[in-house]
Amino acid sequence: MAKEKQEFQATGRRKKAVASIYLKAGTGSLLINGKDFRNYFTVESTQNFICQPFKVTNTEKRFDIKAKVSGGGIIGQAGALRHGISRALVLADDSLRAVLKNTGLLTRDPRTRERKKAGQPGARKRFQFSKR
């Protein structure tokens with residue numbers, strides 16, 4: 001049901017990372033910040049994590065993706081990318097929504113970094129306690 005010659009845009013977020021996804025019908029190429037997806041994310045487990053929305057919906061070679069990812073670290077960017085891809089797939093084909101929702105791919109991961117507290121070296125760490 002994906003419309004030909006049409007591009008779908010979605011945004012995914014995780015921690016401090018933001019991913020802008022541009023999805024269109026194609027052969028399954030993934031470009032992230034102008035680089036091939038396998039060169040940008042070199043660890044195979046991260047690559048599988050990002051491709052999860054395609055595997056769940058059986059759309060692995062149906063769409064081309066161009067993505068701009070910024071902020072956070074590699075894992076946060078991978079999570080943002082996966083979230084954005086899931087949202088873009090729903091825009092392209094609404095029948096995929098139930099499958100993606102049931103597997104939890106449309107839910108934004110709310111866990112973020114805990115703030116540093118005043119009078120401490122970190123969020124939870126304390127300075128060494130001296131009894132005397």
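Here, each number is a calculation from the coordinates, and none is a lab measurement. Being a predicted model, the structure only gives us computed values, none of them experimental. Reconstructed Cβ throughout: ideal geometry from the backbone, glycine too, with neighbour counts over all protein chains shown.
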From the options LEU23, LEU81, residue that is in a strand (DSSP E or B) and buried (at least 19 other Cβ atoms within 10 Å of the Cβ): LEU23
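Given the criteria under 13 Å from GLN52 (Cβ atoms), part of a loop (DSSP other than H, G, I, E, B) and out of contact with any Asp or Glu (no Cβ under 9 Å at 6 or more places or on another chain), does LEU100 qualify? Walk me through it before giving the result.
Working: under 13 Å from GLN52 (Cβ atoms): yes; part of a loop (DSSP other than H, G, I, E, B): no; out of contact with any Asp or Glu (no Cβ under 9 Å at 6 or more places or on another chain): yes.
In short, no.
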Would you pick out the residues in the range 87-132 that are basic (Lys, Arg), surrounded by 10 or more Cβ atoms within 10 Å (Cβ to Cβ), touching a residue at least 24 places away in the same chain (Cβ under 8 Å) and over 17 Å from ALA10 (Cα atoms)? ARG113
Does the range 19-37 include one or more residues that are within 11 Å of the chain's Cα centre (by Cα) and farther than 20 Å from LEU91 by Cβ? no
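For the range 60-81, indicate whether the set of residues that are within 24 Å of GLU7 (Cβ to Cβ), free of Cβ contacts under 8 Å to residues at least 24 places away in the same chain and out of contact with any strand residue (DSSP E or B) (no Cβ under 8 Å at 6 or more places or on another chain) is non-empty. Give the steps one after another, and end with the answer.
As a first pass, look at the range 60-81 and keep what is within 24 Å of GLU7 (Cβ to Cβ): 60-71, 77-81.
Add one more test, that the residue is free of Cβ contacts under 8 Å to residues at least 24 places away in the same chain, and what stays is none.
Within the range 60-81, none of the residues are within 24 Å of GLU7 (Cβ to Cβ), free of Cβ contacts under 8 Å to residues at least 24 places away in the same chain and out of contact with any strand residue (DSSP E or B) (no Cβ under 8 Å at 6 or more places or on another chain).
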Enumeration of residues in the range 61-101 that are over 16 Å from the mean Cα position of the chain (by Cα) and of a type in the set (S, T, N, Q): SER95
